[in-house]
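Here's the structure, in structure tokens; my notes come after.
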Amino acid sequence: MSVVTRTPAPLNRTRISLLEGKARYAPTLATVGLFLAMFAAGAVMYPGFLSGQVFLNLLVDNTFLIVLAVGMTFVILTGGIDLSVGSVVALSMMIAAALLQAGWNPVAVIALVLLTGATFGLLMGLVIQVFEIQPFIVTLAGLFLARGLCYVISVDSITVTDPFFTAMAQARIPLGGRMFISPGVVIALLVVALAFYVLHQTRFGRTVYAIGGGESSALLMGLAVPRTKVLVYGISGLCSAVAGVLFSFYSLSGYSLAATGLELDAIAAVVVGGTLLTGGYGYVLGSLAGVLILGIVQTFISYEGTLSSWWTRIVIGALLLAFILLQKLFSRKVTVT
Amino acid sequence: MNEIVPVVDLRGISIEFPGVKALDGVDLRLFQGEVHALMGENGAGKSTLIKALTGVYAIDSGTITVLGEQHRFAGPAEAQDARISTVYQEVNLCPNLSIEENILLGREPHRRGGIHWKEVRRRARAVLEQLNLGHLDPGSVLSSHSIAIQQLVAIARSVQVDAKVLILDEPTSSLDTEEVQQLFAVIRSLRDNGVAILFVSHFLEQVYEISDRMTVLRNGRLVGEFMTRELPRMSLISKMMGKELDALTELDRSDVRARPDRTDAVPLLLAEKLGRKGSVGNVDIALYEGQILGLAGLLGSGRTETARLLFGADRADQGQLTIRGTAQTLRSPRSAIDHGIAFSSENRKEEGLIGDLSVRDNLVLAMQASQGWLRRIPAPQQDQLTEKFIAALDIRPANKDALIRNLSGGNQQKVLLARWLITNPKLLILDEPTRGIDIGAKTQIQKLISTLAADGMSIIFISAELEEVLRLSDHIAVLKDRRMVADLPNDGVTMEDVMTIIAGSAA
């Protein structure tokens, strides 16, 4: 209904920026458009590409990355960054695998893992906020710390044989027409929906955007800036733990070297999804689209068959560069105003 | 005597920063339904007092009483809870969010399941209409609007909280006349609704137009509280400056008579049809030693662009530049500096000064750079030099260890000027050296400029204030639409003459 209200153009509208009005959605729409174009290209090039299951597999194979990207979106929207998420995923998997091996109840294990992840994130957030240290450095320390803790638990890979976890790994939810998804997909999409709700329907979510738009302004407006900044890292830590559990469902093991560099994939997905690294602009649905693009690049490479899997990285690198240049174009228009 | 209880009563407020006593026992009373102007030069303590009242700074001593209740604000949120709202000079809103969100952020109405966006829009629209801003689309992003509109949105935000006290810190500095009137209409209607308004502005005319009462500060101390209509302008100015107004009148035209062109000598700088595509063109300048050339023209007429050409910040692609009789091409600021040209840009905050270093460190930086980095200037010499410039330019506080960021705008400008003077340039280009600083510092800088010229330095002086250009310059170059259109020797040129040239059709 907001589109319908036709008011006379304000006299003082001096400069038009691409991020104003509906054009705010442009970077995210570009991501969605790119995804659709790639899917269409795949359908033309490869027989069997155009099937519902190929699309659904993008979700099935990337549940943990979706959840990570959601947490990362909160952090980046405030203008921060969280480099620890990959290590926290590995740590979550190690804790889960070790405790399950020791015979713990799987529900208690999951609860403990989520608590650990959230606490880890909150502590990093507190350090960032209280001591006014760059998030980059604090979460880099978190990256090393969490990865190191993995080795304290076990140097070797631990196999998960718990019946609940194996059931989750093998469960398939049929969608009709021989299509299916895993329970992890349901969880990941629930996380996306919840994040969307929090970001757009709660005061906390709007404060996240306000901090990205101008932290000192948000402070002077009397918003709960310190609390919000700590909480976004807590959310990112919690999302990392959820991603760790989903990864355990997927891989049925815990391994200290798992999820190495996954934080960079998450950042790439968020940026490709149209969120500005400087904060304030972006949508969690864009991050979902970003993950799907990363996934479809991988699918392409595997369909091609002859290409080495490292081509995935090269293509993602090129895409990332293209999107960052695109963002620069958008944000330059903004800073002129 | 005062049967009416003030809404805000500040008593004996003191705030100290390292090396600076910013406020020393200041009182301030705000009454319901009154516009109260807070007056003072730069560095008088206006901003600090406002920040004390809004909870940004903690006070070292004194009491803050709001509506009969004593407060100690630990942050802006607490001041807002006490119904004190502030609109700062730089708009403190979120440019990435919509107008409606900016108005209601932190106070959004909720319904079951989250923010009630329809109600947000309804309330935003109601406030905007109350302020005669009904034409604005509440859903549009803030950054798509002009600063003036953003400022009005900031006021709308404070109106929306039903503020009892509204503080406006230099709200008019980036508004044009019409926008100022729009703002004043809003201020008056708020005042009539019983809001106590604290208004801070450098523009005397505006203060006299809108305020009922004023408090004058000087050097962090209270000078007094006065009723606006009982205080003539001249005595206000002398109260702000702490001295009689001689300083202002002293520097009249006869004092700075046009120094004759010394046609026998070689001009220090000679520009012939100098220009750069898309920037500025047709610049014809002959500047002799010890002369002041004023650049006059409207905003966007090419004043700064001319300065950048002469400093090599932009490369000229038309015409000819001669320095001391030899043709030169300035490829970069570095080559300009080698020719003894210095350029003090209009953005003193971003260029030139390092806020976290002391006055001495900032001054020595420039000198050290010209000496070469390997030969360290001995400490006694540093101190002596710094003290000399602090005294010469009357930098306040006269403390060489005070941090730059704790200095007021006018004093920062003096330090920046001192930095260039240390390098002993032959030609000093000053772009808006007096903008945004108070009348006292302004007079001092103007006097300094004419003294420097008398000592043989050539100066190019850029200012948006035509009166100032006329008072100081020997020659006036008039720019219009990015071309130089006239070069007038300053022998009885009036503001009308220059304005006629600017208004007239291009030659």
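The values are calculated or read from the model by the stated rules, or taken from the named source; none is laboratory data. Model, not experiment: these values are computed from the prediction. Heads up, the Cβs are rebuilt from the backbone with ideal geometry, glycines too, and the neighbour counts pull from every protein chain shown. Protein only, heavy atoms only, side chains kept; ligands, DNA and RNA dropped before computing areas. Shrake-Rupley method; radii C 1.70, N 1.55, O 1.52, S 1.80 Å.
General remarks:
- Inside region B:415-428, residues that are open to solvent by 10 Å² or more (accessible area, probe 1.4 Å) and over 20 Å from B:Thr304 (Cα atoms) make up a count of 5.
- Under the condition of being farther than 16 Å from B:Leu104 by Cβ, within 14 Å of chain B (Cβ to nearest Cβ) and either crowded, with 22+ Cβ neighbours inside 10 Å or of a type in the set (Gly, Ala, Ser) (or both), the residues counted in region A:180-207 number 2.
- Among residues of region B:23-80, those that are closer than 22 Å to B:Val216 by Cβ and either outside any loop (DSSP other than H, G, I, E, B) or among the hydrophobic types (A, V, I, L, M, F, W, C) (or both), counted: 29
- Contact map, region B:292-321: residues that are within 13 Å of B:Leu274 (Cα to Cα) and in the same structural domain as B:Arg334 (by TED's automatic domain parsing) paired with residues that are assigned to a helix (DSSP H, G or I) and hydroxyl-bearing (Ser, Thr, Tyr), Cβ distance under 7 Å, separation 6+ or inter-chain. Pairs shown: B:Gly312/B:Ser335.
- Flag for A:Pro47 being modelled with pLDDT of 50 or more, more than 8 Å from every other protein chain (Cβ to nearest Cβ) and assigned to a helix (DSSP H, G or I): no
- Per-region count, region B:215-234, residues within 21 Å of the chain's Cα centre (by Cα) and either part of a strand (DSSP E or B) or not assigned by TED's automatic domain parsing to the domain that holds B:Glu34 (or both): 4
- Residue match in region A:185-198 (condition: at pLDDT below 95 and under 17 Å from A:Ala96 (Cβ atoms)): no
- From A:Thr78, A:Thr5, A:Thr31, A:Thr14, residue being among the polar types (S, T, N, Q) and either at pLDDT 95 or above or under 30 Å from A:Pro226 (Cβ atoms) (or both): A:Thr78
- In the set (1) out of contact with any helix residue (DSSP H, G or I) (no Cβ under 6 Å at 6 or more places or on another chain); (2) crowded, with 22+ Cβ neighbours inside 10 Å; (3) charged (D, E, K, R); (4) not assigned by TED's automatic domain parsing to the domain that holds B:His135, the condition left unmet by B:Glu101 is number (4).
- For region A:142-156, the candidate set comprises residues that are open to solvent by 70 Å² or more (accessible area, probe 1.4 Å) and assigned to a loop (DSSP other than H, G, I, E, B); within that set, the residue that is farthest from A:Gly121 (Cα to Cα) is A:Asp156.
- Answer from A:Thr299, A:Thr275 - the residue that is under 29 Å from A:Ala43 (Cβ atoms) and away from chain B (no Cβ under 14 Å): A:Thr299
- Applying the set (1) aliphatic (A, V, I, L, M); (2) in contact (Cβ under 8 Å) with a residue 40 or more places away in the chain; (3) farther than 20 Å from B:Ser408 by Cα; (4) outside the structural domain of B:Glu101 (by TED's automatic domain parsing) to B:Leu175 leaves exactly one unmet item: (2).
- Whether a residue is more than 23 Å from the chain's Cα centre (by Cα) and of a type in the set (Gly, Ala, Ser) was assessed, and B:Ala441 does not pass this test.
- When residues of region A:221-271 are limited to those that are within 14 Å of another protein chain (Cβ to nearest Cβ) and among the aliphatic types (A, V, I, L, M), the one farthest from A:Ile66 (Cα to Cα): A:Met221
- Hey, B:Glu16 more than 18 Å from B:Leu217 (Cβ to Cβ) and open to solvent by 60 Å² or more (accessible area, probe 1.4 Å) or not: no
- Subset of region A:208-230 (residues that are in contact (Cβ under 8 Å) with a residue 24 or more places away in the chain and surrounded by fewer than 22 Cβ atoms within 10 Å (Cβ to Cβ)): A:Glu215, A:Pro226, A:Val230
- Some residue of region A:108-122 being without any contact (Cβ under 8 Å) to a residue 12 or more places away in the chain and at positive phi: no
- A:Val127 among the hydrophobic types (A, V, I, L, M, F, W, C) and free of Cβ contacts under 8 Å to residues at least 12 places away in the same chain: yes
- Here B:Thr434 fulfils each of the conditions (1) assigned to a helix (DSSP H, G or I); (2) under 30 Å from B:Leu270 (Cβ atoms) apart from (1).
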